[in-house]
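Everything on this sheet refers to the single structure shown next.
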Amino acid sequence: MAVRTVPDSPAQQPPIDLPKLVTDPVASFKPWPIDVKVGADVVTIPAMDASEWLSLLMEMDVEAYVDDIFPGLLADDEAQIIERALWDEKLSLEELREVALQVIASVSGRPWWVALRLIFTVKANWDSIGGEFSFRGIDPSRLSLAGWLDAAQLILIRGIGDNAKVNSFFMKLEKPPPGYESTADKVMDADAFLSMM
């Protein structure tokens with residue numbers, strides 16, 4: 001069932017039908033640590049606010065997110081566990097990529113591709129919508145990444161305005177990347193993802 005937003009005033013904007021993209025509303029409440037099981041060990045990415053996540057994700061290189069997120073966000077002793085697992089071939093680079101993408105999904109409360117597309121869309125349109133975040137008092141240092149993305153999505157919707165254009169935006173936003181049509185757990189090639197942007 002689609003949810004309808006409440007317009008600023010009935011005269012300004014008609015209600016807009018929204019697809020269900022949020023997979024975990026709890027991720028919006030506050031920053032949470034992320035535990036990752038690696039063999040018999042559990043390593044933890046510490047809780048980070050939206051400003052920390054956005055600083056990383058907005059500037060990420062095509063391949064850098066693998067190392068920057070996992071094991072990059074781990075404490076040194078836990079990162080060594082990952083390095084040993086790689087060295088001993090108990091963990092592959094593809095599995096590292098999968099973990100990094102699942103971490104993005106966990107902290108964003110959405111499929112990872114939806115989260116990254118929202119972030120990249122905001123970044124690309126910052127000149128026209130960046131001020132809206134400050135005007136609305138949306139402080140990324142006080143929100144989880146998922147909470148910030150909730151606000152970003154609403155700002156983008158209200159900025160687009162026209163229902164047909166909003167529907168087109170969401171069709172592009174939620175479309176699974178190549179190879180992801182049937183499962184949200186399979187990892188895609190980074191170049192294939194960028195070609196969707």
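Go over the candidates 27, 47 one by one and state the one that is assigned to a helix (DSSP H, G or I), modelled with pLDDT of 95 or more and of a type outside the set (Phe, Trp, Tyr).
On the way: 47 fails: assigned to a helix (DSSP H, G or I).
Testing whether each residue is assigned to a helix (DSSP H, G or I), modelled with pLDDT of 95 or more and of a type outside the set (Phe, Trp, Tyr) leaves just 27.
Of everything in segment 22-46, what is out of contact with any helix residue (DSSP H, G or I) (no Cβ under 9 Å at 6 or more places or on another chain) and surrounded by 13 or more Cβ atoms within 10 Å (Cβ to Cβ)? Give them in sequence order.
Result: no residue meets the conditions.
Can you tell me which of (1) in a helix (DSSP H, G or I); (2) within 17 Å of residue 33 (Cα to Cα); (3) not hydroxyl-bearing (Ser, Thr, Tyr) is the one residue 110 doesn't meet?
Result: residue 110 fails condition (1) only.
Filter segment 169-190 down to residues that are assigned to a helix (DSSP H, G or I) and modelled with pLDDT of 85 or more and give me whichever is surrounded by the most Cβ atoms within 10 Å (Cβ to Cβ).
Filtering segment 169-190 for residues assigned to a helix (DSSP H, G or I) gives 169-174, 190.
Filter once more, keeping what is modelled with pLDDT of 85 or more: 169-174.
Values: 169: 18, 170: 21, 171: 10, 172: 11, 173: 19, 174: 15.
Selected residue: 170.
Residue-wise test of (1) more than 17 Å from residue 102 (Cβ to Cβ); (2) of a type in the set (Phe, Trp, Tyr); (3) in contact (Cβ under 8 Å) with a residue 60 or more places away in the chain.
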site	(1), (2), (3)
26	no, no, yes
32	no, yes, yes
36	no, no, yes
39	no, no, no
42	no, no, no
50	yes, no, yes
58	yes, no, yes
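From the residues in segment 84-107 that are free of Cβ contacts under 8 Å to residues at least 12 places away in the same chain and either assigned to a helix (DSSP H, G or I) or among the hydrophobic types (A, V, I, L, M, F, W, C) (or both), which one is surrounded by the fewest Cβ atoms within 10 Å (Cβ to Cβ)? Working first, answer last.
Here is the first cut: in segment 84-107, the ones free of Cβ contacts under 8 Å to residues at least 12 places away in the same chain are 84, 86-89, 92, 95.
Retained after the next criterion (residues that are either assigned to a helix (DSSP H, G or I) or among the hydrophobic types (A, V, I, L, M, F, W, C) (or both)): 84, 86-87, 95.
Details: 84: 14, 86: 15, 87: 9, 95: 15.
By that ranking, first place goes to 87.
Which condition does residue 16 not pass, out of (1) over 18 Å from residue 158 (Cβ atoms); (2) at pLDDT below 90; (3) surrounded by 15 or more Cβ atoms within 10 Å (Cβ to Cβ); (4) among the hydrophobic types (A, V, I, L, M, F, W, C), if it passes all the others?
(1)
For segment 113-164, give me the residue count where each residue is β-branched (Val, Ile, Thr), surrounded by fewer than 20 Cβ atoms within 10 Å (Cβ to Cβ) and either assigned to a helix (DSSP H, G or I) or without any contact (Cβ under 8 Å) to a residue 12 or more places away in the chain (or both). Explain how you work it out, then say what you get.
Residues of segment 113-164 β-branched (Val, Ile, Thr): 114, 119, 121-122, 129, 138, 155, 157, 160.
Going one step further and asking which of them are surrounded by fewer than 20 Cβ atoms within 10 Å (Cβ to Cβ), we end up with 121, 129, 138, 155, 157, 160.
Then drop every residue that is not either assigned to a helix (DSSP H, G or I) or without any contact (Cβ under 8 Å) to a residue 12 or more places away in the chain (or both), which leaves 121, 129, 155, 157, 160.
Count: 5.
Only residues that are part of a helix (DSSP H, G or I) and aromatic (Phe, Trp, Tyr): list them for segment 50-83, please. Before you say what the answer is, go through the steps one by one.
Taking segment 50-83 and keeping what is part of a helix (DSSP H, G or I), we get 50-57, 64-69, 76-83.
Matches in segment 50-83: 53, 65.
The values are calculated or read from the model by the stated rules, or taken from the named source; none is laboratory data. If you're wondering where the values come from, they're calculated on a predicted model, not measured in any experiment. Glycine also receives a Cβ, built like all others from the backbone with ideal geometry; neighbour counts cover every protein chain displayed.
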